[in-house]
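Student: Right, I'll just put the structure down here and ask away after.
Please treat every number below as a calculation from the coordinates, not as lab data. None of the values given here were measured: they were computed from a predicted structure. Backbone-built Cβ (ideal geometry, glycine too); neighbour counts: all protein chains shown.
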Amino acid sequence: MSHVVKMFRPKEMIFLGLLLILAVIGIVAWIYQLMQGLIVTNMRNIFPWGLYIATFAFLVGTAAGGLIVSSSIYLFNVRELKPIASLASLTAFVFVLGAMAMVIPDLGRPERILNILLYPNFSSLLVWDFIVLTAYAILSLAHVYIGWRPYAARLRQLSEDKIAELETRSFRWGRILAPISLPFAVLIHTVTAWIFAVNAGRPWWFGGFLAPSFLAAALVSGSAVVILASIAIYGFKEDLRHTYNIMMKFLATSTAVLLFLVYQDYFVRWWWGGDEGQILSILFNRLWLTTLIGEFALLFTTIIIAIKLKTSLGAVLSSVLALLGVYAHRFNLMEPSYNVLINKILLPSSESTIPVPIVLGDMKHSYWLLTFWPYTPSPIEIMITIGWLSGIMLILYVLAKLLFSRR
């Protein structure tokens, strides 16, 4: 145990201690939510998905990006990324488990999550999402294991011939798994996107645009996390400079693709107006902070920094801005969808129409015909989400340090 503790520097221990405190606060907040019910969140009957599901979508994308980076080494012979392959696989494994765990706070009765195993409804995309996420977690773990074996051999001080043999086996197994893993990396975010996209009554989600934009966002957040994790564990060393330069080019390119997909969608909606114009009104007026600052300014700045600043500061800054931008993009999934409805009813003895559903869930007479819910995450939602994210970062850092800190 003392040997393990010595692997962490004092600054790292302080950082991990802070993450642990935040994770504990998140667990305490979740227990309070369980006791009081989801009424302590700012979600309501007409707004059932909020910060939790936005974070779930963000984590799924980050997990997908990790194994895409790892699989590229074997499928496209990008050998420059080989030094960070195992760490990329580890980020994929930890983040996919974190994504699956992120669903739990969104459930008022979390024990009912077992129903997806006991009574699966295969006509529901939620079941298929659970299946592909589970399969992806297994594949990610397999990649972590085959990448860890040569490292473990070095720790045991085996002969160079034995280490070389294990590295050859590891590469051979990586090439076998990569053609299976890459489609699953694409599939987990595609199926997650379809959960939103098949809702015909939600014009902000409905259509074929979400899956490509989800994949682009996955490449951005996944590569950003791999860069940050690699710098945290390996440092910005000279022998890894070319690796980081490739990753930063990949980050800049995928960010540019994401911005193009997002803003061409905005242009089409602006052109047609109507309900589509109402969506843009919500995005650029009420949600201007996450749309103009989060989605546009942060992601555009990411591209500039990743291209121009080829230093450790540039790598860290561009990656952090990319993650914040993608998270803002994910948050913007929710409010325009739930506050713009195409199903409307004509009020009796009137020419006025109101969208449905209109049931808020609160017994307040002034809410009975509510047609807009100004969603802002409650303090409980924010504490739980920060706690969950801190726990994921804590687990990832500790595992990465224990498994791959010495190359």
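Student: Could you pull out the trypsin sites (Lys or Arg not before Pro) across region 234-268 that fall in loop regions by DSSP (anything but H, G, I, E, B) with no more than 14 other Cβ atoms inside 10 Å? Numbers along the way, then the final one.
Tutor: Details: sites: Lys237, Arg241, Lys249; in loops: Lys237.
Taking region 234-268 and a limit of 14 other Cβ atoms within 10 Å, the loop trypsin sites (Lys or Arg not before Pro) found are Lys237.
Student: Now for a separate question. Using the count of nearby Cβ atoms within 10 Å as a rough guide to exposure, how do Glu160, Glu165 rank from fewest to most? Could the numbers behind the result be given before it?
Tutor: On the way: Glu160 9, Glu165 14.
Ranked by crowding around the Cβ, least crowded first: Glu160, Glu165.
Student: Computed over the Cα atoms of region 2-404, what is the convex hull's projected area averaged over all directions, in nm²? Before the final figure, lay out the partial values.
Tutor: Values: hull surface 89.8 nm².
Projected over every direction and averaged, the Cα hull of region 2-404 covers 22.5 nm².
Student: Output the DSSP H helices from the chain with an along-axis C-alpha extent of no less than 24 Å and a mean Kyte-Doolittle hydropathy no less than 0.5.
Tutor: Details: long enough: 10-36 (39 Å, 1.66); 51-75 (36 Å, 1.69); 85-102 (25 Å, 1.97); 125-155 (44 Å, 1.15); 160-197 (52 Å, 0.52); 210-234 (35 Å, 2.01); 241-272 (47 Å, 0.37); 312-331 (29 Å, 1.38); 379-404 (36 Å, 1.88).
Qualifying helices: 10-36, 51-75, 85-102, 125-155, 160-197, 210-234, 312-331, 379-404.
Student: Given a 10 angstrom Cα cut-off, can you work out which residue in Leu240, Leu158, Leu51 is the most mobile in a GNM of the chain?
Tutor: Leu158
Student: If I stretch the segment between Leu18 and Lys249 completely, what's the gain in nm (0.36 nm per residue apart, minus their alpha carbon distance), one decimal?
Tutor: Details: separation 231, 0.36 × 231 = 83.16 nm, distance 3.22 nm.
My answer for the length gained is 79.9 nm.
Student: Rounded to the nearest 500 deg cm²/dmol, what is the calculated helix-only ellipticity per residue at 222 nm for the chain, with -39500 (n - 2.57) per DSSP H run of length n ≥ 4?
Tutor: Numbers: 14 runs with 272 residues, N = 407.
It lands at -23000 deg cm²/dmol.
Student: Can you give the FRET efficiency for Thr311 and Glu80, using 1/(1 + (r/R0)^6), R0 = 22 Å, r = Cβ-Cβ distance, to the nearest 0.05? Display every interim value, and only then the final one.
Tutor: On the way: r = 18 Å, r/R0 = 0.82.
Between Thr311 and Glu80 the formula returns 0.75.
Student: Follow-up question, since we're still on this one. Report relative contact order for region 1-110 in percent, whole number only (criteria: Cα-Cα under 8 Å, sequence separation at least 6).
Tutor: Numbers: 67 pairs, mean separation 31.5, N = 110.
With pairs under 8 Å counted, the relative contact order is 29 percent.
Student: Right, another one. Please rank Ser72, Ser223, fewest neighbouring Cβ atoms within 10 Å first, as an exposure proxy. It would help to have the intermediate numbers written out before the result.
Tutor: Numbers: Ser72 18, Ser223 29.
Lowest to highest Cβ neighbour count: Ser72, Ser223.
Student: Between Asn332, Asn199, Asn42, which gets the highest mean-square fluctuation from a Gaussian network model of the chain, Cα cutoff 10 Å?
Tutor: Between Asn332, Asn199, Asn42, it is Asn199 that shows the largest mean-square fluctuation.
Student: Something else now. Give me the one-decimal nm value for the distance between modelled label points at Leu399 and Leu34, 7 Å along each residue's Cα-to-Cβ direction.
Tutor: 2.3 nm
Student: Could you compute the FRET efficiency for Ile293 and His242, with r as their C-beta to C-beta distance and R0 at 41 Å, rounded to 0.05? Don't skip to the answer; put the middle values down first.
Tutor: Numbers: r = 33 Å, r/R0 = 0.81.
Efficiency, rounded to the nearest 0.05: 0.80.
Student: To continue, here is another question. Pull out the extension gain between Ile138 and Ile104, defined as 0.36 nm times the separation in residues minus the alpha carbon to alpha carbon distance; nm, one decimal. Don't skip to the end; give the middle numbers.
Tutor: Values: separation 34, 0.36 × 34 = 12.24 nm, distance 2.02 nm.
That pair, Ile138 and Ile104, stretches by 10.2 nm at full extension.
Student: Output the peptides 300-312, 28-40 sorted from most to least packed, where packing is the average of other Cβ atoms within 10 Å over each peptide's residues.
Tutor: Final packing ranking: 300-312, 28-40.
Student: Let me ask something additional. Roughly speaking, what is the centre-to-centre gap between region 204-246 and region 14-40 when only Cα atoms are used, to the nearest Å?
Tutor: If you average the Cα positions of each part, the centres end up 28 Å apart.
Student: Tell me the relative contact order for the chain as a rounded percent, counting alpha carbon contacts under 8 Å between residues six or more apart. Can you show the working numbers first?
Tutor: Numbers: 557 pairs, mean separation 114.2, N = 407.
Answer for the chain is 28 percent.
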